[in-house]
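Written out below as structure tokens is the structure these notes cover.
The numbers here are math on the coordinates, done by the rules we state, and not lab data. Nothing here was measured: the structure is a model prediction, and the numbers come from that model.
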Amino acid sequence: RATKTDDAQSRAQVEDRTLSQGAGESGGGAQTSGLDARGDLSPAALNDPDSPLAVRIIYFDYDSANIRADFADTVAAHAAFLAANPTISVTLEGHADERGSREYNLALGERRALAVRRQLVLLGAAAGQVRTVSYGEERPTTDGHDESSYALNRRVEMVY
């Protein structure tokens, strides 16, 4: 239906223009048409720094496993890629900052990884393509003890 496609492309263009994160265009569109417009769903796109697939870290708010709106289009781009490449799989590594007990942070990292997995599958990836693991607070990206460091450690990393 031309109307739905036109609406999806229009939304993707609006979202691309409103991205405020440093990733710029690498966020893709919330609809898979944002990735399709670039025309590259091949495995080579994983190595293209200008591809929406170059963004492989999803950040989370404090004590939350909800995917932030500014990462919805990134997750959608990866879902479209996985749907187009059924032999490729991804491991979602859930992480947390150091606040909270070790057990709590392992569970939080798992909830974050599962939230991204659920969204990838909902958007077209096969469940068998997506594995999850939680590292909790055990693998910080930075060792700082301030909010900016904590924010970088609250994440899910996509490892192809």
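Amide H to amide H, with H built 1.01 Å from N, Ser134 comes under 5 Å of Gly94, counting only residues 5 or more places away or on other chains.
Stretching Glu98 away from Tyr62 to a fully extended chain increases their span by 11.8 nm, per 0.36 nm per residue minus the current alpha-carbon distance.
Taking θ as phi - 60° and the Karplus parameters 6.51, -1.76 and 1.60, the scalar couplings of segment 82-96 work out to 5, 4, 7, 10, x, 8, 9, 10, 9, 10, 9, 9, x, 9, 9 Hz in sequence order, x denoting glycine and proline. Over segment 78-132, the reciprocal of the mean inverse Cα-Cα separation, the Kirkwood hydrodynamic radius, stands at 11.7 Å.
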